Amino acid sequence: MKRQNWKSGLEAVRSKISSVLDKVEVGMLIGGTVILTAVLTVNIIAREFFRAIYFIDELTQFTVIWTVFGGISYAVRKVRHIRMGAIFDFLPFKVRKILMFVIQGVNAIVLLALAYLAIVYVIKVGRLEQTTPALRIPYWIFIGIAPLGFLAAGLQYVLAFLKNVVEKEVWMSAEQQIEYEESGY
């Protein structure tokens with residue numbers, strides 16, 4: 001009975017963290033895509049009928065950086081990343097389970113290490129007090145999402161690792177047991 005309480009408690013914590021991350025990530029992806037679309041559309045109209053807007057390139061670059069790094073964790077959670085499954089899918093269950101622990105553990109360590117290095121880099125850039133040429137925004141704000149993206153993706157691998165601890169089946173992420181969802185096409 002104690003083991004079951006431990007598992008359900010761990011799953012409740014995992015589920016809560018995943019739910020919060022999902023809302024933030026989806027918001028960033030939707031917001032970034034909408035902003036990028038609007039900015040590029042306005043720039044096309046301005047360039048054709050008036051004058052190109054001088055800061056659009058920086059704003060576009062900023063939006064792409066924030067969307068990419070904001071979406072890393074989402075890709076990990078939804079298993080929307082590159083995966084070499086041809087051999088993995090044919091391995092025996094126990095080997096797949098062990099291999100999944102190794103893959104998720106190594107990915108979590110690497111991404112959390114990248115988060116640390118990105119934090120160090122952002123702090124160094126912040127100390128330089130560099131600003132962007134057109135908008136005059138501190139450059140560290142542009143790249144400040146990188147450590148957060150790496151940290152969130154690393155946490156997704158930790159959550160997936162924990163999911164594999166409490167569940168008998170092999171889970172690719174904390175939310176998906178198999179790589180591909182069934183679709184109508």
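The values are calculated or read from the model by the stated rules, or taken from the named source; none is laboratory data. Treat the numbers as computed from the prediction; the structure is a model and nothing was measured. Every residue, glycine as well, gets a Cβ built from its backbone with ideal geometry; the counts of neighbours run over all protein chains shown.
Key figures for this structure:
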item	result
Residue satisfying all of: in region 132-157; more than 13 Å from the chain's Cα centre (by Cα) and assigned to a helix (DSSP H, G or I); nearest to T60 (Cα to Cα) among these	F142
Residues that are modelled with pLDDT of 85 or more and surrounded by fewer than 17 Cβ atoms within 10 Å (Cβ to Cβ), drawn from region 140-176	I141, V165, K168, E169
Check on D57, acidic (D, E) and surrounded by 13 or more Cβ atoms within 10 Å (Cβ to Cβ)	yes
In region 84-118, residue nearest to E169 (Cα to Cα) [restricted to those that are among the basic types (K, R) and touching a helix residue (DSSP H, G or I) at 6+ places or on another chain (Cβ under 9 Å)]	K97
Given (1) modelled with pLDDT under 90; (2) within 19 Å of the chain's Cα centre (by Cα); (3) within 25 Å of G27 (Cβ to Cβ), number of the condition E179 does not satisfy	(3)
Test: residue in region 45-63 that is aliphatic (A, V, I, L, M), part of a helix (DSSP H, G or I) and in contact with a Lys or Arg (Cβ under 8 Å, 6 or more places away or on another chain)	no
Region 79-118, residues that are outside any helix (DSSP H, G or I) and either modelled with pLDDT of 95 or more or surrounded by 17 or more Cβ atoms within 10 Å (Cβ to Cβ) (or both)	V79
Residue in region 41-50 that is of a type in the set (D, E) and either under 24 Å from L151 (Cα atoms) or surrounded by 11 or more Cβ atoms within 10 Å (Cβ to Cβ) (or both) present	no
Of the criteria (1) farther than 23 Å from E167 by Cα; (2) in contact with an Asp or Glu (Cβ under 9 Å, 6 or more places away or on another chain); (3) β-branched (V, I, T), which one I123 fails	(2)
Output for region 111-131, where each listed residue is more than 30 Å from L59 (Cβ to Cβ) and either among the charged types (D, E, K, R) or in contact (Cβ under 8 Å) with a residue 40 or more places away in the chain (or both)	L112
